[in-house]
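The structure under discussion appears below in the form of structure tokens.
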Amino acid sequence: MLYFDERRKWVLKAEIGREFHTDKGIVKLGDLLGKRFGEAISSSLGYSFKILRPTTFDLVMNVARPTQIMYPKDIGLIILKLGLSCGSRVIEAGTGSGAMTIAAASVVKPHGHIFTYEANPEFARIAKQNLMRAGLISYVTIKNKDARTGFDESEVDAVIIDLGDPWDVIPSAYASLAGGAPLVSFSPTINQVERTVISLRENNFVNVSTVEVILRPLRVEPGRTRPTTTMIGHTGYLTFAQKSFSAT
Ligand SMILES: C[S@@+](CC[C@H](N)C(=O)[O-])C[C@H]1O[C@@H](n2cnc3c(N)ncnc32)[C@H](O)[C@@H]1O
């Protein structure tokens, strides 16, 4: 990752002959080869850019975005609540840009796998490119398929739903999950949450809970530290549940 300041940082591929143009001058990407993370490189205008190791957060935030993406503040809790770890087999409905897929794949690799369903062929194509750029495509199968027709996998460790109508896929999610295994559904509106929770209860899911994750960044200046003026106000609500074999 090329870093100038908090606002100007980019995940790029170091390649001979390629240039990267910024308002602080041109950086020759071939000159990055042979340098170590932590070192700096000068632009054509003499500005210093730091070469940092991109984290999963940076990979997620740098995806090409034809759709809304899941944000790191939500993804972090999802990974913990679903108990994802190396070896987990996961179904995802609504690949979108693949931001959530990148985060999940980076946790389940090298022995686990993400089976992700996307109805729109163009979004599936861009998500594939994003996953290739992140070096994670071998841990992911992108299925250009309507999730409402059902999932092909069984006994999976977790299901992630990011669709406008999550209740349409809850019976299929139940059928594909291992007993006791968790599910998450992400929805921007309260109306969607209510309908999702009703459907989860009707389909023998238990331990149902909904949260909104709010993240407030701080601007730290000696003697003047305070929250930043702008922040991400709302992304969506997260509803978690686990598969039970009986509702009682
Ligand atoms: C908000 S986006 C998902 C974003 C994704 N979580 C990310 O982090 O990049 C929702 C996606 O679900 C897809 N979608 C909607 N209904 C679908 C369905 N029935 N089956 C499969 N994909 C569907 C849309 O095309 C869209 O790409």
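The values are calculated or read from the model by the stated rules, or taken from the named source; none is laboratory data. Bear in mind the structure is a predicted one, so any value in this text is a computation, not a measurement. Here Cβ is always computed from backbone atoms with ideal geometry, including for glycine, and neighbour counts include all displayed protein chains.
So the values come out like this:
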quantity	calculated
Flag if Asp162 is under 19 Å from the mean Cα position of the chain (by Cα), within 16 Å of the ligand (Cβ to nearest atom) and among the acidic types (Asp, Glu)	yes
Failed item in (1) away from the ligand (no atom under 12 Å from the Cβ); (2) farther than 19 Å from Ser244 by Cα; (3) touching a strand residue (DSSP E or B) at 6+ places or on another chain (Cβ under 8 Å), with Val206 passing the rest	(2)
The lone exception for Gly87 - which of (1) on the phi < 0 side of the Ramachandran plot; (2) in contact (Cβ under 8 Å) with a residue 12 or more places away in the chain it fails	(1)
Per-region count, region 129-143, residues within 13 Å of the ligand (Cβ to nearest atom) and touching a Phe, Trp or Tyr at 6+ places or on another chain (Cβ under 9 Å)	4
Among the residues listed as Arg53, Arg7, the single one being exposed (fewer than 13 other Cβ atoms within 10 Å of the Cβ) and either touching a Leu at 6+ places or on another chain (Cβ under 6 Å) or in contact (Cβ under 8 Å) with a residue 24 or more places away in the chain (or both)	Arg53
Test result for Asp146, near the ligand (Cβ under 9 Å from one of its atoms), modelled with pLDDT of 95 or more, surrounded by fewer than 21 Cβ atoms within 10 Å (Cβ to Cβ) and charged (D, E, K, R)	yes
Unique residue being buried (at least 18 other Cβ atoms within 10 Å of the Cβ) and closer than 24 Å to Leu12 by Cβ when the list is Val60, Val108, Val90	Val60
Residue that is nearest to Leu12 (Cα to Cα) [pool: residues in region 25-49 that are of a type in the set (Phe, Trp, Tyr) and out of contact with any Ser or Thr (no Cβ under 7 Å at 6 or more places or on another chain)]	Phe37
The listed residue being in contact with a Gly (Cβ under 6 Å, 6 or more places away or on another chain), within 11 Å of the ligand (Cβ to nearest atom), farther than 24 Å from Tyr71 by Cβ and at pLDDT 95 or above, out of Ser187, Ser172	Ser172
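Let's see how each residue does on (1) of a type outside the set (A, V, I, L, M); (2) under 27 Å from the mean Cα position of the chain (by Cα); (3) assigned to a loop (DSSP other than H, G, I, E, B):
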site: Arg7; (1), (2), (3): yes, yes, yes
site: Gly17; (1), (2), (3): yes, no, yes
site: His21; (1), (2), (3): yes, no, no
site: Val27; (1), (2), (3): no, no, no
site: Phe37; (1), (2), (3): yes, yes, yes
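A quick yes/no check of all residues on (1) in contact with a Gly (Cβ under 6 Å, 6 or more places away or on another chain); (2) assigned to a strand (DSSP E or B); (3) over 19 Å from Asp168 (Cβ atoms):
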residue: Arg201; (1), (2), (3): no, no, no
residue: Val211; (1), (2), (3): no, yes, yes
residue: Ile214; (1), (2), (3): no, no, yes
residue: Arg224; (1), (2), (3): no, no, yes
residue: Thr230; (1), (2), (3): no, no, yes
residue: Leu238; (1), (2), (3): no, yes, no
residue: Ala241; (1), (2), (3): no, yes, no
